[in-house]
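Just below is one structure, and these are the notes that go with it.
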Amino acid sequence: MSLLLQLAALFAKLSILAVGGASATVPEMAREAVRTHHWLTPAQFAQLYAISNAAPGPNVLISTILGAHVAGVAGGIVATMAMVAPSCVLAVLVSRGLERHAGARWRRVLQAALLPITAGLLLSAACVLARQADTGWLTAAITLACAAGAYRTRLHPLLLLAGGAALGFFIF
Amino acid sequence: MGFFQAGIMGFGGVLPMARRMVVDDRRWMSQHEFNELFAVCQSLPGANITNFAAVFGMRHRGVTGAAVALAGLLGAPMAIVMALAGLYARYGALAPVRHALAGLAAAAAGLLLGTAGRIAAPACKSLSNVAVAVLVLAMVLLLHLSLPLTMLLALPLALLLASRAMP
């Protein structure tokens, strides 16, 4: 039970702080899950993130797969609800007010201010994952190649993920 | 509202699917309304698409609508991912699986790096944006500050800079 409570507390906190989406909270998520709670190893974290990424559905599924890994189906459901509910309640409460002020100066300021923060958080998240996943030159090369592919081309993300998995499977 | 779930199962990109269903197929919203509501959801914490589903469901059918929209959006993907977590627990340590997963994890990290680059590129037109992004990066990676503390420090600065830059 206390495990489920810990999951709920962690993801509810992340939910409210997830400016730029669930991926932006990856550094904090990894810190808590790997270092504070010792629920899994860094490599496992990177692998579970990758699996949730390759599966269909939105990014919040990282909370589902972590919860399920830690505490089974109940853990997956609790973690997802904790990740989704607080931000959704907030969105429902303030969306009307925000919409009424569409185009207002303070809204443009807020959006402009969030952009570099989101960029910084997502870059940090990518670095954290790369540090966990890249154990040698081959994995580092896969990461760089996929980064270039995602940045420069319109290749489907699944294609890049499948390519990485195939390379790992055949070369290691 | 039950059929909300039908359209919203997409690999990687849930947003384009949701847009097509809400705007083109079911005509629940105009493109303009969709854009405006989505922009609102983007400036709020949480996954944009789940926020969108909750607000949208709430408007049309109240709390039940919000719950149904979220369940429709997340139900099937959650079941799939939890099944994958089960397989991972059972077979994740086998050598061939482990190797493929190592490659997959490296690819996923790269994917996020590329996406982050795409988001960062247009933001990097102004020096103050670069400064905020680098500051956030340093606070998270070098100083290992917690996310609440990072936001507490970065948000006021970013708001100040954005406010000064905007006429």
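Only one of the numbered conditions (1) among the small types (Gly, Ala, Ser); (2) under 26 Å from A:ILE117 (Cβ atoms); (3) surrounded by fewer than 16 Cβ atoms within 10 Å (Cβ to Cβ) is violated by B:ALA83, and that is (2).
Within region B:121-152, the set of residues being polar (S, T, N, Q) and at the interface with chain A (Cβ under 7 Å from one of its Cβ atoms) comprises B:ASN129, B:SER146. Just one of the listed residues (B:ALA162, B:ALA116) is facing another protein chain (nearest Cβ under 8 Å), surrounded by 15 or more Cβ atoms within 10 Å (Cβ to Cβ) and closer than 18 Å to A:LEU129 by Cβ, namely B:ALA116. When we screen B:VAL97, B:VAL55, B:VAL81 for residues that are more than 20 Å from A:HIS69 (Cα to Cα) and either facing chain A (nearest Cβ under 7 Å) or not polar (S, T, N, Q) (or both), the only hit is B:VAL55.
Yes/no matrix, rows are residues, columns are (1) farther than 30 Å from B:VAL132 by Cβ; (2) within 14 Å of the chain's Cα centre (by Cα):
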| site | (1), (2) |
| --- | --- |
| A:VAL26 | no, yes |
| A:GLU32 | no, yes |
| A:THR36 | no, no |
| A:MET81 | yes, no |
| A:SER87 | no, no |
| A:ARG108 | no, no |
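No other residue among A:ALA50, A:ALA22, A:ALA12, A:ALA43 is at pLDDT 90 or above and either buried (at least 24 other Cβ atoms within 10 Å of the Cβ) or within 11 Å of the chain's Cα centre (by Cα) (or both) apart from A:ALA50.
The C-beta contact set for region A:78-106 (first residue facing chain B (nearest Cβ under 8 Å), second residue outside any loop (DSSP other than H, G, I, E, B) and among the acidic types (Asp, Glu), distance under 8 angstrom, 6+ apart or interchain) comprises A:GLU99/B:GLU36; A:ALA102/B:GLU36.
The values are calculated or read from the model by the stated rules, or taken from the named source; none is laboratory data. Please read these numbers as outputs of a predicted model, since none were measured by experiment. Because the Cβ atoms are built from the backbone with ideal geometry, glycine has one as well, and the counts that use them run over all protein chains shown.
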